[in-house]
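Asks: Structure incoming, see below.
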Amino acid sequence: MRRRTPDEFASWLHAQLTTHGYSLTPRGGGVTRFAEAAGVSKATISRILRGEGSTDITVLTRIADALGVRPGAILVEAGVIDPDELGAAQRPQGHMTADQAADELGITDPTARNMFRGVVDSLRPGTNAG
């Protein structure tokens, strides 16, 4: 898959702002209001809307927060990463040990941890689990 262009991001952001009720007419004040809501400068939002792009992760994260969009989605829309890269980044890499899983679950009692480890071990492929 290919990465999105700055013009495509501008179109996407324009549609998002319009959907969220920001008037983008010259005197509508929507760009100023959105910039304030996102905590970025009006000039930055205007530049993005002109198709000049933005790859500043802080700016993109603030825009995502203001729009209620997941940060990964806006990175794709802005062309920072392509959708395949996002999918790969969201998939867990490697395997977690039974002890790491117990830590994540907050299982601290030694007897409970041993029982948990036994259950996990019995479910691993290649064991004689039922």
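The values are calculated or read from the model by the stated rules, or taken from the named source; none is laboratory data. The shown structure was predicted, so the numbers you read here are calculated from the model rather than taken from an experiment. Virtual Cβ from ideal backbone geometry, glycine too; neighbours counted across all protein chains shown. Note: accessible area is taken over every heavy atom of the protein model, side chains too, but ligands, DNA and RNA are not part of it. Shrake-Rupley method; radii C 1.70, N 1.55, O 1.52, S 1.80 Å.
Asks: Taking segment 97-113 only, how many residues are surrounded by 11 or more Cβ atoms within 10 Å (Cβ to Cβ) and part of a helix (DSSP H, G or I)?
Replies: 8
Asks: Continuing with this model, one more query. Considering every residue within segment 80-89, establish whether at least one is buried (at least 19 other Cβ atoms within 10 Å of the Cβ) and either part of a helix (DSSP H, G or I) or of a type outside the set (A, V, I, L, M) (or both).
Replies: Keep residues of segment 80-89 that are buried (at least 19 other Cβ atoms within 10 Å of the Cβ), which gives 80.
Add one more test, that the residue is either part of a helix (DSSP H, G or I) or of a type outside the set (A, V, I, L, M) (or both), and what stays is none.
No: zero hits.
Asks: Hey, another quick one. For residue 44, work out the one condition from (1) open to solvent by 40 Å² or more (accessible area, probe 1.4 Å); (2) hydroxyl-bearing (Ser, Thr, Tyr); (3) farther than 21 Å from residue 84 by Cα it doesn't fulfil.
Replies: (1)
Asks: Is it the case, given these coordinates, that residue 33 is at pLDDT 95 or above, more than 12 Å from the chain's Cα centre (by Cα) and open to solvent by 70 Å² or more (accessible area, probe 1.4 Å)?
Replies: Details: at pLDDT 95 or above: yes; more than 12 Å from the chain's Cα centre (by Cα): yes; open to solvent by 70 Å² or more (accessible area, probe 1.4 Å): yes.
The answer is yes for residue 33.
Asks: I would also like to ask the following. Starting from residues that are out of contact with any helix residue (DSSP H, G or I) (no Cβ under 9 Å at 6 or more places or on another chain) and part of a helix (DSSP H, G or I), keep the ones in segment 23-77 and report whichever is nearest to residue 10 (Cα to Cα).
Replies: Only one residue tops the list, namely 47.
Asks: Being closer than 16 Å to residue 64 by Cβ and free of Cβ contacts under 8 Å to residues at least 12 places away in the same chain: is that true of residue 25 here?
Replies: Numbers: closer than 16 Å to residue 64 by Cβ: no; free of Cβ contacts under 8 Å to residues at least 12 places away in the same chain: yes.
Answer is no for this residue.
Asks: Moving to a separate point now. Search segment 13-30 for residues being within 21 Å of the chain's Cα centre (by Cα) and buried (at least 17 other Cβ atoms within 10 Å of the Cβ), and hand back the single one that is farthest from residue 74 (Cα to Cα).
Replies: Within segment 13-30, the subset within 21 Å of the chain's Cα centre (by Cα) is 13-17, 19-20.
If we keep only those that are buried (at least 17 other Cβ atoms within 10 Å of the Cβ) too, we end up with 13, 16-17.
On the way: 13: 9, 16: 11, 17: 13 Å.
If we take residues in segment 13-30 being within 21 Å of the chain's Cα centre (by Cα) and buried (at least 17 other Cβ atoms within 10 Å of the Cβ), then 17 is farthest from residue 74 (Cα to Cα).
Asks: Report, by residue number, each residue of segment 50-79 that is among the basic types (Lys, Arg) and free of Cβ contacts under 8 Å to residues at least 24 places away in the same chain. It would help to see each step written out before you state the result.
Replies: Filtering segment 50-79 for residues among the basic types (Lys, Arg) gives 50, 62, 70.
Within segment 50-79, 70 is the sole residue that qualifies.
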